[in-house]
Amino acid sequence: MALIVQKYGGTSIANLDRIRNVAKRAIRVYNAGNDVVVVLSAMAGETNRLMELAGEIADDPSKRELDVLLATGEQTTVSLLCIMLESMGCPAISLLGYQAEIVTNKAFGRARIVEIRADRIKELLGQRKIVAVAGFQGRDQQGNITTLGKGGSDASAVALAAALKADVCEIYSDVDGVYTTDPNLCKKAKKLEKISYDEMLEMASLGAKVLQIRAVEFAKKFNVRVHVRSSFKEEEGTMVVEEEKDMERLVVSGVTYNKNEARITLTKVPDQPGIASRIFTPIADAGIVVDMIIQNTRKGGLTDLTFTVPKSDYQKAMAIQKEVAESIGTEQVLGDEQIAKVSVIGLGMRSHSGVAAKMFTTLAKENINIMMISTSEIKISCVIEEKYTELAVRILHHVFGLDSS
Ligand code: ADP
Ligand code: ASP
Ligand code: MG
């Protein structure tokens with residue numbers, strides 16, 4: 001007998017037929033004698049719909065109230081699933097984040113899980129119930145409802161699997177595994193049988209939304225076996241595991257893209273000590289996470305500074321920089337939302353040179369201009385014009401030998 005956590009994403013529970021399908025899958029595993037915890041997301045599109053509703057009332061709605069609102073998406077699905085399970089004769093109970101004692105910090109909209117007290121879930125499993133937990137949500141120390149950020153129900157599932165010492169955490173979505181790149185963008189993407197935590201971490205942080213990055217962090221830290229698979233098919237998906245000695249170390253093992261960032265440039269910034277701090281401190285104080293930064297020195301003690309921020313924080317960051325620009329005497333603040341970051345990833349890069357050169361040459365051959373570059377020992381990212389994303393992903397996937405035959 002095993003303890004299995006199954007997490008189903010929005011498309012897998014988009015309507016009652018699909019919720020019935022999920023119920024059948026859970027019952028099958030339960031009837032085989034296993035303990036089953038099901039973690040659910042909201043129905044596909046629901047979180048965005050709720051966000052837009054609030055947006056119709058206010059430009060910057062209260063973050064606390066927004067979390068109370070967004071959490072209803074997952075409340076709907078867990079209750080519907082339990083009604084479905086009971087109607088099929090299977091004992092079940094739903095728990096919201098706070099009832100499952102998923103305790104987070106108080107960063108509304110992007111809270112981090114700090115603790116899970118799994119006693120109540122264990123007790124309910126002991127009564128042979130399927131426990132359905134609302135993903136994406138928790139509560140802070142004061143009891144306020146918090147949400148974990150886009151794709152956050154993956155993190156709920158893996159964290160619960162860690163707290164419950166589950167045998168496996170299955171992540172069900174509309175793809176049947178982790179591919180060398182987004183299979184919806186590139187038909188030649190190849191499904192991976194397994195992928196190491198480190199490569200998955202890199203893929204997730206660089207845009208492969210099939211698994212949320214926090215979920216992979218938890219999995220690696222607590223050694224949770226994660227199985228990414230499809231709710232519409234029976235076959236095995238991809239196992240996310242510790243790096244193994246016999247793992248094929250391809251120089252490049254994946255290509256990702258991220259269209260969720262925007263670029264801000266300050267021109268003719270005085271090239272003096274303390275200026276970068278005056279530019280980035282107010283951004284940090286506003287809780288905005290800066291990704292890439294480049295500086296180009298000009299003549300005459302001036303420099304241009306370009307950096308990227310999440311698109312969702314773009315307006316706020318622009319407003320802050322306009323004020324900063326005035327106080328430090330910068331010429332202009334320019335913004336660009338039509339950008340994409342394309343990355344190639346591979347553990348094998350640690351011991352290989354020439355990957356960056358090959359990436360730049362490939363993009364140049366297609367006349368794609370590179371606006372920014374960043375590298376680490378296992379990835380290279382280039383910011384390009386958004387309209388070339390698909391072309392760049394396909395051509396890089398091809399030249400690095402990843403295409404399926
Ligand atoms: P869910 O709503 O079930 O959580 P998501 O939409 O968050 O599902 O994640 C699944 C999607 O991730 C797929 O539809 C696919 O387009 C996208 N994706 C991006 N990169 C990859 C990749 N490398 N492998 C598989 N899927 C990927
Ligand atoms: N419903 C949330 C979202 O849309 C959580 C999730 O899907 O994982 O991001
Ligand atoms: Mg997701």
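The values are calculated or read from the model by the stated rules, or taken from the named source; none is laboratory data. These numbers come from a predicted model, not from an experiment. Here the Cβ positions follow ideal geometry from the backbone for every residue, glycine too, while neighbour counts run over all protein chains shown. Keep in mind that these areas ignore ligands, DNA and RNA; they rest on the heavy atoms of the full protein, side chains included. Shrake-Rupley method; radii C 1.70, N 1.55, O 1.52, S 1.80 Å.
Tabulated data for the structure shown
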{"quantity": "Restricting region 5-25 to residues that are within 20 Å of V175 (Cβ to Cβ) and aliphatic (A, V, I, L, M), the residue that is farthest from ligand 3 (Cβ to nearest atom)", "calculated": "I19"}
{"quantity": "Residue ID - least open to solvent (accessible area, probe 1.4 Å), chosen from residues in region 189-230 that are charged (D, E, K, R) and part of a helix (DSSP H, G or I)", "calculated": "E199"}
{"quantity": "Filter pass, S374 being out of contact with any helix residue (DSSP H, G or I) (no Cβ under 9 Å at 6 or more places or on another chain) and not in a helix (DSSP H, G or I)", "calculated": "yes"}
{"quantity": "Long-range neighbours under 6 Å by Cβ, at least six apart or interchain, first residue on the phi > 0 side of the Ramachandran plot within region 129-142, second of a type in the set (A, V, I, L, M, F, W, C)", "calculated": "F136/L148"}
{"quantity": "Matching residues in region 323-382 - criterion: being over 28 Å from L250 (Cβ atoms) and charged (D, E, K, R)", "calculated": "E323, E326, E331, D336, E337"}
{"quantity": "Residues that are part of a strand (DSSP E or B) and crowded, with 17+ Cβ neighbours inside 10 Å, drawn from region 97-130", "calculated": "I102, V103, T104, I113, I116, I130"}
{"quantity": "For R278: the one exception among (1) in contact (Cβ under 8 Å) with a residue 12 or more places away in the chain; (2) in a loop (DSSP other than H, G, I, E, B); (3) open to solvent by 70 Å² or more (accessible area, probe 1.4 Å)", "calculated": "(2)"}
{"quantity": "Per-region count, region 2-21, residues in contact with a Gly (Cβ under 9 Å, 6 or more places away or on another chain), surrounded by fewer than 19 Cβ atoms within 10 Å (Cβ to Cβ) and without any contact (Cβ under 8 Å) to a residue 40 or more places away in the chain", "calculated": "1"}
{"quantity": "Total residues in region 26-50, condition surrounded by fewer than 19 Cβ atoms within 10 Å (Cβ to Cβ) and assigned to a helix (DSSP H, G or I)", "calculated": "7"}
{"quantity": "Flag if E170 is within 19 Å of the chain's Cα centre (by Cα), open to solvent by 10 Å² or more (accessible area, probe 1.4 Å), within 16 Å of ligand 2 (Cβ to nearest atom) and touching a residue at least 40 places away in the same chain (Cβ under 8 Å)", "calculated": "yes"}
{"quantity": "In region 173-187, the residues that are open to solvent by 20 Å² or more (accessible area, probe 1.4 Å), within 15 Å of ligand 3 (Cβ to nearest atom) and of a type in the set (A, V, I, L, M, F, W, C)", "calculated": "V175"}
{"quantity": "Unmet criterion (only one of (1) open to solvent by 40 Å² or more (accessible area, probe 1.4 Å); (2) within 21 Å of the chain's Cα centre (by Cα)) for G73", "calculated": "(1)"}
{"quantity": "Qualifying residue in region 28-45 (condition: under 27 Å from the mean Cα position of the chain (by Cα), away from ligand 3 (no atom under 16 Å from the Cβ), in contact (Cβ under 8 Å) with a residue 40 or more places away in the chain and farther than 16 Å from G109 by Cα)", "calculated": "yes"}
{"quantity": "Residues being in a loop (DSSP other than H, G, I, E, B) and at pLDDT below 95 - total across region 293-339", "calculated": "7"}
